[in-house]
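Every number here is computed from the coordinates shown, using simple stated rules; none is lab data. Keep in mind that what you see is a predicted model, and the values were worked out from it rather than measured. Neighbour counts are summed over all protein chains in view; Cβ atoms, including those assigned to glycine, are modelled from backbone coordinates with ideal geometry.
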Amino acid sequence: MESFRKSTYSYDLLTSDRIPEHLDRKKLENYLSDKEFEQIFDMTREHYNTLPEWKKLVLRKEKKLY
C-alpha cells in the first residue's frame with residue numbers, strides 16, 4: 001500500500017501561496033509526511049481518519065490546510 005502513496009510536501013509549502021497546482025487543495029493534509037502530520041495535528045493519521053468529516057474540516061482550517 002505504501003507504494004501508492006503520493007509525494008510528500010512540507011507544511012510550510014502547503015500553507016504558502018506556492019502550493020503546486022496538481023495537489024488536491026481539499027486534502028492537503030494527505031501530502032504531509034507521517035512525522036510532520038503527527039507534529040501538526042497531535043495525532044496519528046489513523047486516528048485522524050476515524051474522525052467525522054466536520055471535525056477534519058475544523059482541524060484543517062485551524063492548521064491552515066484548506
The residue from Y48, Y9 that alone is assigned to a loop (DSSP other than H, G, I, E, B) and either out of contact with any His (no Cβ under 8 Å at 6 or more places or on another chain) or free of Cβ contacts under 8 Å to residues at least 24 places away in the same chain (or both) is Y9
Residues of region 34-66 that turn out to be of a type outside the set (A, V, I, L, M, F, W, C) and surrounded by 13 or more Cβ atoms within 10 Å (Cβ to Cβ), as a count: 8
